[in-house]
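Take a look at the structure set out below.
Read-outs: derived from the displayed coordinates by stated rules, not from any lab. Since this is a predicted model, take the numbers as computed values, not measurements. With ideal geometry, Cβ positions are generated from the backbone for all residues, glycine too; neighbour counts draw on all protein chains shown.
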Amino acid sequence: MIECQNITKIYQGVDETVALKNASFSIKDGEFVAIMGPSGSGKSTLMHILGALDTPTKGKYFLDGHDVSKLSDDELADIRKNKIGFVFQSFNLLPRATVLRNVGLPLVYSEVSPKEREERARAALKNAGLDESHFNHLSNQLSGGQMQRVAIARALVNNPSLILADEPTGNLDTKTGDIVLDTFQTLNQQQHRTIVLITHEPYVAEHADRIIHIRDGVIVEDSRNHEKRFITHHHEGASK
């Protein structure tokens with residue numbers, strides 16, 4: 001699904017900053033991969049390139065066989081709309097809109113009918129594990145964990161090839177973060193969703209099948225995670 005060939009990103013300012021240096025790796029369809037590194041390691045730059053939010057200075061990035069690194073701004077926007085689902089640390093929900101409206105919002109730009117929007121939003125919310133009793137709540141009436149599940153559902157609603165999660169548990173306590181990570185594992189294992197998780201936390205990265213370590217813009221390790229942390233518990237009030 002993903003192939004990066006010698007990706008380099010250089011920012012030109014007063015001084016030249018090399019954020020990524022010759023990053024090469026591939027990710028297969030259905031993999032759950034964590035990209036881990038400290039602040040300033042280049043993982044956010046890599047996330048922006050994988051998410052078609054930026055293009056590399058040098059090298060090539062292929063997504064589903066298409067060379068994303070050479071696309072125009074409009075073509076990049078189409079890739080983001082149709083092939084990538086984003087989940088961020090901040091939930092980015094409309095506070096006074098219902099859960100269903102928040103999840104269905106990306107479909108407005110795809111000219112999907114209101115009826116189909118609601119049907120697809122309901123299906124995505126169920127896949128993200130949110131209890132149906134919350135579907136008509138306003139997003140500002142939800143807990144942090146519930147809001148992140150709504151954000152995951154919004155990422156799923158266009159049936160993207162890739163789910164890209166950037167520090168998705170950063171604003172959550174450990175117990176709630178576990179529930180959100182459990183949701184990603186379920187999506188990966190039961191629906192074979194391809195997930196790339198960006199994090200600086202080893203505990204979070206341990207939930208993935210594979211961990212790519214990045215430091216100072218260089219990939220320093222790429223290994224299978226033989227100590228994967230499986231979350232088998234189901235908390236009471238798991239939607240909290």
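Once the dipole of the chain is set up with Lys and Arg at +1 and Asp and Glu at -1 on Cβ about the Cα centre, which of Ile35, Tyr61, Asn140 lies farthest towards its positive end?
Checking the options against the dipole of the chain, the answer is Asn140.
Within straight cross-link reach of Lys9, meaning Cα distance under 17 Å, which lysines are found once same-chain residues fewer than 8 apart are removed?
Reachable lysines: Lys21, Lys43, Lys58, Lys60, Lys70.
Which angle between 0 and 90 degrees, to the nearest 10, do you get for helix 114-127 versus the longest principal axis of the chain when only C-alpha atoms count?
80
Note the direction-averaged projected area, equal to a quarter of the hull surface, for the Cα convex hull of the chain, in nm². Spell out each step's value before the answer.
Values: hull surface 52.6 nm².
Spelled out: convex hull of the Cα atoms, projected over all directions, averaged, 13.2 nm².
Work from the charge dipole of the chain (Cβ charges, +1 for Lys and Arg, -1 for Asp and Glu, about the Cα centre) and give the residue of Ser113, His48, Gly13 farthest towards its positive end.
Ranked along the dipole, the leading option is Ser113.
Using a simple charge model, +1 on the beta-carbon of Lys and Arg, -1 on the beta-carbon of Asp and Glu, nothing else, what dipole does the chain show about its Cα centre, in debye to the nearest 20?
On the way: 27 positive and 31 negative charges, 71 e Å.
Here the size comes out at about 340 debye.
7 Å from Cα along Cα→Cβ at both Glu3 and Ser24: what's the point-to-point distance in nm?
That separation, rounded to one decimal, is 1.2 nm.
Using Cα atoms only, what is the angle between the long axis of helix 73-83 and the major principal axis of the chain, expressed in degrees (0 to 90) to the nearest 10?
Helix 73-83 sits roughly 50 degrees off the main axis of the chain.
Relative to the longest principal axis of the C-alpha atoms of the chain, give the angle of the C-alpha long axis of helix 144-156, reported between 0 and 90° and rounded to the nearest 10°.
70
Which of the aspartates and glutamates could a cross-linker span from Lys115 if the Cα-Cα distance has to be under 18 Å and same-chain partners fewer than 8 positions apart are dropped?
Glu132
Could you list His134, His48, His192 so that the one with the fewest beta carbons within 10 Å of its beta carbon is first and the one with the most is last?
Listed from fewest to most nearby Cβ atoms, that is His192, His48, His134.
Send over the semi-axes of the stretch 8-51's equivalent ellipsoid, whole angstrom and largest first, taken as the square roots of 5 times the C-alpha gyration tensor eigenvalues.
After diagonalising the Cα gyration tensor, the semi-axes are 24, 11, 8 Å.
For Lys175, go through the aspartates and glutamates and keep the ones whose alpha-carbon is under 17 Å away, minus same-chain ones fewer than eight residues off.
Cα-Cα hits under 17 Å: Glu167, Glu201, Glu206, Glu236.
So what's the gap between the Cα centers of the stretch 2-36 and the stretch 163-215, to the nearest angstrom?
For the stretch 2-36 versus the stretch 163-215, the Cα centre distance is 19 Å.
Whole Å is fine, so just give me how far the alpha carbon centre of the stretch 114-143 lies from that of the stretch 46-92.
Taking the Cα centre of the stretch 46-92 as reference, the centre of the stretch 114-143 is 27 Å away.
With a Cα-only, solvent-free Debye model of the stretch 44-125, what are the log10 I(q)/I(0) values at q = 0.11, 0.22, 0.25, 0.27 Å⁻¹?
Rounded to two decimals, the profile gives -0.38, -1.05, -1.17, -1.26.
May I ask you to derive the relative contact order of the chain, considering only C-alpha pairs under 8 Å and at least 6 residues apart, and to give it as an integer percent?
Worked out over the chain, it gives 27 percent.
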